[in-house]
Amino acid sequence: MDLDYGPEYDAFRKQVRDFIEAHGHLAPPYAARAARPSSKAVQWQKLLIEQGYTARTIPAEYGGYGAEPDILKSRIISEEFSRAGVPGGLANQGISMLVPTLLELGTEEQKHRWIEPTLKGEVVWCQGYSEPGAGSDLASVKTSARVENGEFVINGQKIWTSTAKQADMIFCLVRTEPDASKHDGISYLIFSMDTPGIEVRPLKTMTGDAEFNETFFTDVRVPLDQIVGRRGQGWLVANATLGHERGMLGDPDALENRLQALIALMQDEPIGQDRAIDNPVLRDRLVALQAEVSAMKCNGMRNLSNNLKGEPGGMAKLIVKLQSCEIAHQISALAIDAMGEMGTLYHRSPRERDGGAWQWNYMFQLGLIIGGGTAQIQKNIIAERGLEMPREPKLAKISDAAKATADMPRHKQGSA
Amino acid sequence: MDFGLSQDQQMLRDAVARCLADTCPLDHVRECAERDNPLSDKVLRAVQDLGIPGMLVPEEHGGLGMTLLDAAIVAEQLAYAVAPVPFLASHVLAPIALSEAGSEEQKAQWLPKIASGEARIAVAISETIEARDGAVVSSADGRLNGTALFCLDFEGADAYIVADAGGRLHLAAADAFRLETIPLTTIDRTRSVGELRFGGTEAELLADDNGTTTARLRDAGRVILAADSLGAGQAMIEKAVDYSGQREQFGRLIGSFQAVKHMCAEMAARHEPCRSLVWYAAHAFGAMPEDVSLVACHAKSHTGEVHRFVARTSTEVHGGMGFTDLIGLHYWFKRIGFDRQVLGGPETVRAEAAALQGWIKAA
């Protein structure tokens, strides 16, 4: 056990810290980090890329900083920005999902054309994966792309397309080989959201905002070369990207930040002559959550170490998304409870705390528990990959069994 | 930077695991549990052959001078095998108390004997955490009065380290005059506790430092109990997964039902981060002494909660069999129950964690 990063990394940490101290005032406020980055956010992003504090390991020829991958340095950057409460580089679906996918599986032309403007915040992407009938069972996408006159012609519907209204481009899963098996008939296409035949309807959620959209495609024509990977390989391409998304949803620094905000709230929030933190039951829940977060931070250090040594992540990695989302949700729940009646205030009400952020989080985090692989899918993965438990019997067997059951004579109700 | 066990530590873990797999099968645990004195001489000898009693004894006193993380690794394996041997007080807390606070004479008298396995010292500090049944120990002029209720590794001890109401530590011989000892029986037959009643019992002072050493013992004890809970929880999860991979109902392995699968996944998801937390807390004991009290509280309370869930859920996965004595799952269930309560249950420990951070208003 050695928690020291060593002198080279201590020096690097100081360099990051000095940079944040000197330039942190140029960062856009967190709240202004809208889907379409403000000019301030774009400037900040440019500065961070120049310094190597974002897009760090992306080759310079594609607009990144071009450093050798160094997990500890990346970790230090994330820790220091988080500690200072200063936003780091842009984090949107284009940067966290499309760029890694293109780097891994895109053509040279695709890399040159799309990565740099995406990193700079000039091109905003949305993700066309889920459909009304393809959620947890993503491989059952039905949106079709038939080939006609040297073009894909796309018809169908996507759902949960966040930022579709603001996006310039979409990366999208479509069925190009209707006769192939479920997983082998999908392709991964990228195309402009300005293409005729695309209609975006905002999808209002329980938070009262429309963080997502429904996107409809009617005879949308896309050139054949706007495909990543080969025809029918889209499922593999998408899986490369989903791995990146799962990593995105489980950041221990994010949990620590939420916890610190909760502690601050409970130290401020008055109850009579006391503060919320003086209530022994609320305080007990706070310490219990602090222990949970502490365990996840340690688990994060263990994952970092495994990663450094090139060892497989194993169970410590498999559980991150499930646990992080759950703990984040509990943090929001305690904040609301600590506020009592004031915890219900929302919609910019007088006396609302923190701009209603805790209620918004409490609701939105439920979406995160469901999105990016539902908690139930996560549990299947933990059980089947982590614990090597037996898989569900194939559907055909169950149907046979169900049929056999249906054919059996039944007891009439009340006959017993 | 390396957050994990060193190669030596992995070898230690594997060696202890192998030794216990050979010497401490469940049948042996069961046989011991049915005796008046359930401690196993056979397993204790095997553990002594590995040098475990001397792990935390400094090298100049004949020990191995190892760290609390090494001890936590052993604790995890002992719990995994539900080994009925003394460890927490006799091989961890007593050597820490003696080497951190003892006089040169006390060290020379006890530490070599602890390391060789010739002597065992039990430890009673529970009243400094919360006193039950009005128990309190007072000291004056080298004599102790009162009651210490929950003396750990009680059976077969040659002496007792006892905390008084002011947090001072005293050392009393087991055969001291005017000392009455009463064994207590807990759910967990693999560890022994007892009550000490002092009636002007002669004892020598071990630490008079405003409770500093007592606090160190609380921290170390909580980390080791957390590690124990981790080992017992690990065993219970593995057993649930194994059982559900063998048992068939409705023509299917029950482990292929999502209801069962998700129970196991929830156990694993909550259990796995505990391992990192326990490692960190054990490491902090030596490397970051100013931080250890808080993280020891977190490790103790969190493993207590998580493994209560694991103990219950694993039993449920085993269905009726889990509830019987036939497969002996209850030995781990009870070990987890013991780990949770001793040296402060989760609520008590969390209140302490809050106080450490200045979150409790002075009355």
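The values are calculated or read from the model by the stated rules, or taken from the named source; none is laboratory data. The model shown is predicted, which means the values in this text are computed figures rather than measured ones. Please note: Cβ atoms are built from the backbone with ideal geometry, for glycine as well, and neighbour counts cover all protein chains shown.
Applying the set (1) within 12 Å of chain B (Cβ to nearest Cβ); (2) under 14 Å from the mean Cα position of the chain (by Cα) to A:Pro390 leaves exactly one unmet item: (2).
Of the residues making up the range A:1-51, those that are farther than 30 Å from A:Met301 by Cβ and among the hydrophobic types (A, V, I, L, M, F, W, C) are A:Leu26, A:Ala31, A:Ala32, A:Ala34, A:Ala35, A:Ala41, A:Val42. Put simply, of B:Ala83, B:Ala94 the only residue that is buried (at least 24 other Cβ atoms within 10 Å of the Cβ), in contact with a Cys (Cβ under 6 Å, 6 or more places away or on another chain) and outside the structural domain of B:Ser229 (by TED's automatic domain parsing) is B:Ala83.
In the range A:61-85, how many residues are crowded, with 20+ Cβ neighbours inside 10 Å and either outside any helix (DSSP H, G or I) or in contact with a Pro (Cβ under 9 Å, 6 or more places away or on another chain) (or both)? Qualifying residue count for the region: 3. Under 6 Å between Cβ atoms, which residue pairs at least 6 apart in sequence (or on different chains) link something in the range B:172-197 that is without any contact (Cβ under 8 Å) to a residue 60 or more places away in the chain with a partner that is among the acidic types (Asp, Glu)? Between residues of the range B:172-197 that are without any contact (Cβ under 8 Å) to a residue 60 or more places away in the chain and residues that are among the acidic types (Asp, Glu), the close pairs are B:Ala174/B:Asp158; B:Ala176/B:Glu202; B:Ile182/B:Glu195; B:Leu184/B:Glu195; B:Arg197/B:Glu180.
Restricting the range A:307-340 to residues that are within 13 Å of chain B (Cβ to nearest Cβ) and of a type in the set (Asp, Glu) leaves a set whose member that is nearest to the chain's Cα centre (by Cα) is A:Glu326. Checked against (1) farther than 22 Å from B:Trp359 by Cα; (2) more than 10 Å from chain B (Cβ to nearest Cβ); (3) crowded, with 21+ Cβ neighbours inside 10 Å, A:Leu236 passes all but a single condition, namely (3). Among the residues examined, A:Leu47 does not qualify as within 14 Å of another protein chain (Cβ to nearest Cβ) and among the aliphatic types (A, V, I, L, M).
Can you work out which of the residues in the range B:277-294 that are in a loop (DSSP other than H, G, I, E, B) and more than 9 Å from chain A (Cβ to nearest Cβ) is nearest to A:Pro252 (Cα to Cα)?
The first filter runs over the range B:277-294 and keeps only residues in a loop (DSSP other than H, G, I, E, B), leaving B:288-291.
From the residues that got through so far, the ones that are more than 9 Å from chain A (Cβ to nearest Cβ) too are B:289-291.
On the way: B:Pro289: 24, B:Glu290: 23, B:Asp291: 20 Å.
The residue in question is B:Asp291.
Considering every residue within the range B:185-192, establish whether at least one is of a type in the set (A, V, I, L, M, F, W, C), closer than 30 Å to B:Ser139 by Cα, more than 14 Å from chain A (Cβ to nearest Cβ) and not in a helix (DSSP H, G or I). No. Checked against the criterion of being out of contact with any Cys (no Cβ under 7 Å at 6 or more places or on another chain), away from chain B (no Cβ under 14 Å), surrounded by 12 or more Cβ atoms within 10 Å (Cβ to Cβ) and under 30 Å from B:Ala281 (Cα atoms), the range A:18-30 has no qualifying residue.
Would you check if A:Gly300 is free of Cβ contacts under 8 Å to residues at least 60 places away in the same chain and under 30 Å from A:Met389 (Cβ atoms)? Answer is yes for this residue.
Say whether the condition of being away from chain B (no Cβ under 14 Å) and either without any contact (Cβ under 8 Å) to a residue 12 or more places away in the chain or touching a helix residue (DSSP H, G or I) at 6+ places or on another chain (Cβ under 8 Å) (or both) is met by at least one residue in the range A:375-384. Checking the range A:375-384: not a single residue is away from chain B (no Cβ under 14 Å) and either without any contact (Cβ under 8 Å) to a residue 12 or more places away in the chain or touching a helix residue (DSSP H, G or I) at 6+ places or on another chain (Cβ under 8 Å) (or both).
With respect to the stated conditions, B:His298 is facing chain A (nearest Cβ under 8 Å), touching a residue at least 24 places away in the same chain (Cβ under 8 Å) and surrounded by 24 or more Cβ atoms within 10 Å (Cβ to Cβ).
Being out of contact with any Asp or Glu (no Cβ under 7 Å at 6 or more places or on another chain), within 28 Å of B:Ile73 (Cβ to Cβ) and more than 8 Å from every other protein chain (Cβ to nearest Cβ) is true for just one of B:Ala268, B:Ala235. Which residue is that?
Details: B:Ala268 fails: more than 8 Å from every other protein chain (Cβ to nearest Cβ).
After applying the criteria, what remains is B:Ala235.
Of all the listed residues (B:Arg270, B:Arg218), the sole one being outside the structural domain of B:Ala71 (by TED's automatic domain parsing), at pLDDT 95 or above, under 26 Å from B:Gln341 (Cα atoms) and touching a Phe, Trp or Tyr at 6+ places or on another chain (Cβ under 7 Å) is B:Arg270.
Pick from the range B:238-259 the residues that are under 32 Å from the mean Cα position of the chain (by Cα) and either of a type in the set (Phe, Trp, Tyr) or at the interface with chain A (Cβ under 8 Å from one of its Cβ atoms) (or both): which of them is surrounded by the fewest Cβ atoms within 10 Å (Cβ to Cβ)? The selected residue is B:Gly245. Residues of the range A:271-282 that are in a helix (DSSP H, G or I), surrounded by fewer than 22 Cβ atoms within 10 Å (Cβ to Cβ) and either in contact with a helix residue (DSSP H, G or I) (Cβ under 8 Å, 6 or more places away or on another chain) or within 9 Å of another protein chain (Cβ to nearest Cβ) (or both): A:Asp278, A:Pro280, A:Leu282.
Yes/no per residue for (1) within 14 Å of another protein chain (Cβ to nearest Cβ); (2) surrounded by 24 or more Cβ atoms within 10 Å (Cβ to Cβ):
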site: B:Gly320; (1), (2): no, no
site: B:Phe323; (1), (2): no, no
site: B:Leu326; (1), (2): no, no
site: B:Asp339; (1), (2): no, yes
site: B:Ala354; (1), (2): yes, no
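Within the range B:255-269, residues that are closer than 11 Å to B:Glu316 by Cβ reach partners that are at pLDDT 95 or above and among the charged types (D, E, K, R) with beta carbons closer than 7 Å, at six or more positions or on different chains, in the pairs B:Met263/B:Glu316. Taking the range B:1-51 as the range and being of a type outside the set (Phe, Trp, Tyr) and within 14 Å of chain A (Cβ to nearest Cβ) as the test, the residues that pass are B:Met1, B:Asp2, B:Gly4, B:Leu5, B:Ser6, B:Gln7, B:Asp8, B:Gln9, B:Gln10, B:Leu12, B:Arg13.
For the range B:215-236, how many residues meet the condition of being polar (S, T, N, Q) and surrounded by fewer than 24 Cβ atoms within 10 Å (Cβ to Cβ)? Number satisfying all stated conditions: 1.
Please enumerate the residues belonging to the range A:31-60 that are in a helix (DSSP H, G or I), surrounded by 20 or more Cβ atoms within 10 Å (Cβ to Cβ) and small (Gly, Ala, Ser). Steps first, please.
Narrowing the range A:31-60 to residues in a helix (DSSP H, G or I): A:31-32, A:39-51, A:60.
Narrowing further to those that are surrounded by 20 or more Cβ atoms within 10 Å (Cβ to Cβ): A:41, A:44-45, A:48-49.
Within the range A:31-60, just A:Ala41 meets the criteria.
Residues in the range A:287-306 that are more than 8 Å from every other protein chain (Cβ to nearest Cβ) and either farther than 25 Å from B:Ala227 by Cβ or hydroxyl-bearing (Ser, Thr, Tyr) (or both): there are none. If you go through the range B:117-138 and pick out every residue that is under 13 Å from B:Arg197 (Cα atoms), among the small types (Gly, Ala, Ser) and surrounded by 15 or more Cβ atoms within 10 Å (Cβ to Cβ), you end up with 2. Looking at the range A:77-96, is at least one residue among the aliphatic types (A, V, I, L, M), modelled with pLDDT under 90, closer than 18 Å to A:Lys14 by Cα and not assigned by TED's automatic domain parsing to the domain that holds A:Lys309? No, the range A:77-96 contains no residue that is among the aliphatic types (A, V, I, L, M), modelled with pLDDT under 90, closer than 18 Å to A:Lys14 by Cα and not assigned by TED's automatic domain parsing to the domain that holds A:Lys309.
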